[in-house]
Amino acid sequence: MAKTRQQLNLENLAYISAGSIVDVEILTPTASKRVKTEFVGLLHERFVILNYPSAKRLGNAGEYLKDGVVVIVRAVLETGGGQVIAFRQQVMSVSSHPARLIYLNFPTEVQLFSLRSQTRIPTLLAAKIKFNDEREMQGVIKDISVTGVMFDVKSKADLSELKNTQCHIMLDKNNKGVTEFSGQICSVKSHATSAQFGIQLTASEDEMKVFMKDHFIDLTVLEPLV
């Protein structure tokens, strides 16, 4: 018997382990705000629970994170060969006792997509990478796909400790459209005077295609050869 949409959604959500970091994009009438927080759990067919972000993570997005607002939740799965899970839903309630938690309506559709074997397109986009400890490094996006980027920085230091850490890629504000992406460093390759980070992005494939189009990157190389 074929599985129902609800069963598939529940199976996909079960891949997110309690305590893992998720990216929450808060949709507002004028722009979106993105924050990091922890996935707490879920109650089947009723709601998904997230930890309320710390003041440091929340910044000025706190005024938007309230009942009824629509959010997009994305998580890079710790197992499963490099996959991202994502869903869009309304905030049901924000509790303050006994702990500050965010309750989301149970999603009607949960997307699970692989980050493997994607076509990479060479680029030379100047950008900055920022880590959770507020460190920043200037560099260049050397290639891009619909699921990730190769980011090159000038450094003689051993940066292997940055593998599996969360990061933000920020382009110059003068660039058209989206100028910031969140992701996770999945590989670090050190060279004599530089290092390359292989980064899985939490943006959707459609968002990345829009970004590529805005930057005149040829999308025809992504089309299947049939």
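The values are calculated or read from the model by the stated rules, or taken from the named source; none is laboratory data. Computed from a predicted structure; not experimentally measured. Cβ coordinates were reconstructed from backbone atoms using ideal geometry, including for glycine residues, and neighbour counts include every protein chain displayed. Note: areas computed on protein heavy atoms with side chains; ligands, DNA, RNA excluded. Shrake-Rupley method; radii C 1.70, N 1.55, O 1.52, S 1.80 Å.
State the percent of C-alpha pairs, over all pairs in the range 126-211, separated by a distance greater than 22 angstrom. Present the calculation step by step, with values, prior to reporting the outcome.
Numbers: 672 of 3655 pairs.
In whole percent, the long-distance tail amounts to 18.
Note on residue 191 and residue 27: the extension gain reaches 55.0 nm, defined as 0.36 nm multiplied by sequence separation minus the Cα-Cα distance. In this rough spin-label picture, where each label sits 7 Å from Cα along the Cβ direction, the residue 205-residue 17 distance is 2.7 nm.
Helix 205-214 and the longest principal axis of the Cα set of the chain meet at an angle near 40°. When peptides 127-134, 102-109 are ranked by their average number of other Cβ atoms within 10 Å per residue, the highest-first order is 102-109, 127-134.
Pairs spanning more than 27 Å between alpha-carbon atoms, out of 36/163; 128/213; 142/213; 56/128; 56/156: 56/156. For the range 35-49, putting each phi into the Karplus relation 6.51 cos²θ - 1.76 cosθ + 1.60 with θ = phi - 60° gives couplings of 9, 9, 7, 9, 7, 9, x, 7, 10, 3, 6, 10, 7, 10, 10 Hz, in residue order, rounded to whole numbers and with x for Gly and Pro.
Normalised by the residues of the chain, what does the relative contact order come to in percent, with Cα pairs under 8 Å and at least six apart? Let's see the in-between values first.
Values: 473 pairs, mean separation 30.6, N = 226.
Once divided by the residue count of the chain, the mean separation gives 14 percent.
Given the -39500 (n - 2.57) contribution per DSSP H run of 4+ residues, what per-residue ellipticity at 222 nm results for the chain, rounded to the nearest 500 deg cm²/dmol? About -2500 deg cm²/dmol. In terms of its C-alpha gyration tensor, the range 1-115 has a prolate overall shape, because the principal axis ratio a/c (a ≥ b ≥ c, square roots of the eigenvalues) is not below 1.5 and a/b outweighs b/c.
Ignoring ligands, DNA and RNA, please state the percent of accessible area on the chain from carbon and sulfur, probe 1.4 Å.
Numbers: 6330 of 12430 Å².
Its accessible area is 51 percent carbon and sulfur atoms.
What are the GluC sites (Glu not before Pro) within the range 141-212 that DSSP puts in a loop, where the Cβ has at most 12 other Cβ atoms within 10 Å? Answer in residue order: no site qualifies. Classified by the C-alpha gyration tensor, the chain has a prolate form. Its axis ratio a/c, with a ≥ b ≥ c, is 1.5 or above, and a/b is larger than b/c. Rounded to the nearest whole Hz, the Karplus-based 3J(HN,Hα) values (6.51 cos²θ - 1.76 cosθ + 1.60, θ = phi - 60°) of the range 105-112 follow the sequence 4, 5, x, 8, 8, 10, 9, 10, with x at glycine and proline.
Multiplying the residue separation of residue 57 and residue 132 by 0.36 nm and subtracting their alpha-carbon distance yields 26.1 nm.
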